[in-house]
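Reading through the structure tokens given below for one structure.
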Amino acid sequence: AAQNNNIVASYFANIAQGYSDYGFVYGFSTSVVGRGMGKPTDYSAETVEAVTTLVDSASRKTRVTKENQPNIICVLLESFLDPYDVKFLSMSEDPVPNFHQLEQEYSSGYLKVPVVGAGTANTEFEILSGMSMQYFGTGEYPYKTILKQTDCESIASDLSKLGYGTHVVHNNTATFYSRNNAFSMMGFDSFTSKELMNITQYTPTGSWPTDDVLVQETMKSMDSTEGADFVYTITVEGHGDYPKEKVLANPAIEVTGAADEALNNQWEYYVNMLHEVDDFIGDLVKAADRRGEDTIIVLFGDHLPTLGLSDDDMKSGDIFQTKYITWNNMGLAKEDADLTAYQLLAHITDQAGIHEGTIFRYHQTQAESETYLSGLETL
């Protein structure tokens, strides 16, 4: 009753914050009881058939063939934001020039994500599955609940039907968020994690590997097959915590504007990590272009960093908004759009002429419909 009347939250954008706001008893009990997805009141074979018939009548057939399928590289940029979107920050120079160049030249926009400060796996789930986290239980990670029991349609399983090789590359441990299990359940062919990489470079605090290793590992995954590939690459260099003491003696980017010295040190460290991630973005685009194969790259921030940001601090006015950018060497037109995480890959594949999968075809055909969200919940 309290949830239905919005007295207490039925969804936690940040689990730690949810426990802090509502206490242990509610946080724990609601995450135990409220798991999975509640059946819509009008759920039946007829309502499902009505939705799928609507999609079938509006959907286009996939245009690409095995001869002209483009590679698709999807990159999760850990805790990434555009520093110029933070109102109070000032920087000695642009820390992310490659990001801004791609933003200007190729399709881009704001991305509405389901989490803030943490919860990467839930943005990831929305991106890969096309499903919204709002329909799941309070504080739930589907990777750790339903995907332990059953498999799930995803961009990987959809593209596999077209003959794509599907791969994940991540410079962190395979078991984090139970990804080693989840990616198998979502239909990926391979998962190259930290344990399978020769990692020698770490961030100045020693907490996380740097992301430069991911360029060659992404290319290696694409080299492992004869045809087109979908590679999902997960970065980690931008991950918190960010040190309150000054760690960088001669930072490449000097940062000012935060409320106090400790917070300014955190922002300066974070922005300089973004600067290195931006180098990775530039190197990845060059490496993909050198292959001489049709390729689309889409890069997105999974959530804002854990630096106490509020809506008022952001030029977008919303701490649930990050950005996505793209690149392609196929001459695709620049079509900017603000999207939700669960719409992103449906939007990208639609531009490429790929119309596969129940959920992704639904997004491609019904996003402007008055019954869009109810139909999505039904599917």
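Worth pointing out:
- Burial ranking of peptide ranges 120-130, 169-179, 240-250 (average Cβ count within 10 Å, highest at the top): 120-130, 169-179, 240-250
- GNM remark for the chain: springs join alpha carbons under 10 Å apart, and the peak mean-square fluctuation among V64, V33, V168 falls on V33.
- Cα pair count fraction exceeding 20 Å, expressed as % - the range 250-310: 45
- Amide N proximity, the range 216-258 versus L162 label position 7 Å along Cα-to-Cβ, cut-off under 20 Å: 219, 221-233
- Computed E for L196/E226 - FRET, C-beta separation, R0 22 angstrom, nearest 0.05: 0.55
- Percent antiparallel among DSSP beta bridges (both partners in the chain, rounded to 5): 40
- Cα-projected label distance for E254 with K286, points at 7 Å along beta-carbon direction, nm: 2.8
- Surface composition of the chain: carbon plus sulfur atoms contribute 47% of the solvent-accessible area (1.4 Å probe, protein chains only, all chains present).
- K87 accessible area, 1.4 Å probe, all protein chains in place, Å² to nearest 10: 120
- With a cut-off of 12 Å between beta carbons, the residues surrounding E103 carry a summed charge of -4, where Lys and Arg count +1 and Asp and Glu -1.
- Backbone N under 19 Å from the E293 label point (7 Å along Cα→Cβ), restricted to the range 143-187: 155-170
- Our compactness index for the chain, the C-alpha radius of gyration over the empirical 2.2 N^0.38 Å, is 0.98.
- Over the chain: helical MRE at 222 nm, DSSP H runs n ≥ 4 each giving -39500 (n - 2.57), nearest 500: -10500 deg cm²/dmol
- Solvent exposure, largest accessible area first (probe 1.4 Å, DNA, RNA and ligands not counted), of K334, K61: K61, K334
- Net charge of neighbours whose Cβ lies under 13 Å from the Cβ of Q321, counting Lys and Arg as +1 and Asp and Glu as -1: -4
- Most mobile listed residue (T233, T225, T349) in the chain, GNM with C-alpha springs under 10 Å: T225
- The amide H of G139, built 1.01 Å from its N in the peptide plane, has F12 as neighbours under 5 Å, considering only residues 5 or more places off or on other chains.
- In terms of the mean number of neighbouring beta-carbon atoms within 10 Å, the peptides 183-189, 160-166 order highest first as 183-189, 160-166.
The values are calculated or read from the model by the stated rules, or taken from the named source; none is laboratory data. Just so we're clear, the structure is a prediction, and the values are computed from it rather than from any experiment. With ideal geometry, Cβ positions are generated from the backbone for all residues, glycine too; neighbour counts draw on all protein chains shown. Note: accessible area is taken over every heavy atom of the protein model, side chains too, but ligands, DNA and RNA are not part of it. Shrake-Rupley method; radii C 1.70, N 1.55, O 1.52, S 1.80 Å.
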